[in-house]
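The values are calculated or read from the model by the stated rules, or taken from the named source; none is laboratory data. Values in this document were obtained by computation on a predicted structure and should not be read as measured data. As a convention, Cβ positions derive from the backbone with ideal geometry for all residues, glycine included, and neighbour counts pool all protein chains shown. Side chains included, ligands, DNA and RNA excluded: accessible areas come from the protein's heavy atoms. Shrake-Rupley method; radii C 1.70, N 1.55, O 1.52, S 1.80 Å.
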Amino acid sequence: MKKDSFIKVIGIVSAMVFCIGACSLPAKSNTSEKSITIAEQYGLAYAPLEIVKEQKLLEKNLPGVKVSWRQLGNTAAIREAMMAGEVDAGFMAIPPFLIGYDKGMKWGIFSGLSSVPTALVSNNPRVLLLGDISSSDRIALPQPGSVQHILLSMACEKQFGDAHRFDNILVTLSHPDATNALLSGKDITAHFTTPPYMQKELASPGIHIVLDGKEALGKDFTFIVGVAAEAFRKGKTEAYQAMTKSVDEAVEYIKANPDESIKILAKAYGMEEKEVNEYMNTAGASYSTEVSGIKEFGEFMSKNGYIKNMPAEKDIVWDDEIHEK
């Protein structure tokens, strides 16, 4: 893998730039009432979506529906697709959702999805603590403004009084690419990661945890939430309701049928059932439609300039059954 083919070191200016002007425009929804286009990303944090697919829950809850799935590398791609009216619903972490909302995106959270352990891991033997990271190191994460970026910034503020301490040594890579780079010992020295990539990396000699995500925030939090365009919610009511119901049913299916869920997920992710079982039973991993962490992320991001204002939760969480824990 050549360095110039995928590496880009970025600073705080690029961290906040994901669109020019277009964010204030309302998203258009796909034309058919019985169609849903859904964007997802990588990893076991999105496991309930595999249950939705395999069990054909959307088709059950809205007979005749046409479902399209798109796997995108980061939230910026989801935001752009939603603005263009190419995606109705997507799944992402709370911080990039808040950035999009602050920039004028017409969207809201319709469900929680998962909580998973997150960690900054390194292949550099001298990097054992945050304070050991130098300007010669490179930290990979999915994108500026991602939950990994914000968690790292939170930890930096606590320890150094500077939330932006490492912004100039960040590298934008998808989790699969970052894992390959870290394991090969090329281009990056750290990766802020999640299961199953975290376990794969830690199984390699010399790779170790530098920072735990829960430690950075100070509490457990929802890692992935379901986000929908306002045009989808209002313009395709039946499809929107089928989407929310299907996610609820998928989460409950995992809880009620753990063994069958593991089989489904092992096949979907091309993994051994034993591996999936280990990952799903890792401390801190759970699937739930509840949402936790909005207040903590929002207040920090507002204080440190990632967003201008912390929105009221009632304005961004649409389903009355979803609430802060």
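At-a-glance table
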| quantity | calculated |
| --- | --- |
| Helix 147-160 vs. the chain, principal-axis angle (Cα, 0 to 90°, nearest 10) | 40 degrees |
| For the chain, built as a Gaussian network whose Cα springs stay under 10 Å, the top-fluctuating residue of G161, G213, G104 | G161 |
| Rounded percent of accessible protein surface that carbon and sulfur make up, the chain, 1.4 Å probe | 49 percent |
| Counting DSSP beta bridges with both ends in the chain, the antiparallel % (nearest 5) | 60 percent |
| Residues of segment 204-325: accessible area per residue with a 1.4 Å probe, Å² | 51 Å² |
| Cβ-derived FRET efficiency at R0 22 Å, S204 paired with D132, nearest 0.05 | 0.70 |
| From the coordinates shown, mean projected area of the Cα convex hull in nm² corresponds to which of (i) 15.6; (ii) 20.7; (iii) 19.3 | (i) |
| Amide H partners (placed H, <5 Å) of L211, local residues excluded | L120 |
| Taking the chain and dividing mean pair separation by its residue count, relative contact order in percent (alpha carbons under 8 Å, at least six apart) | 28 percent |
| Formal net charge of residues neighbouring R70 (Cβ-Cβ distance under 10 Å; K, R +1; D, E -1) | -2 |
| Paramagnetic reach from E290 (point 7 Å along Cα→Cβ, amide N under 14 Å) across segment 217-237 | 220-223 |
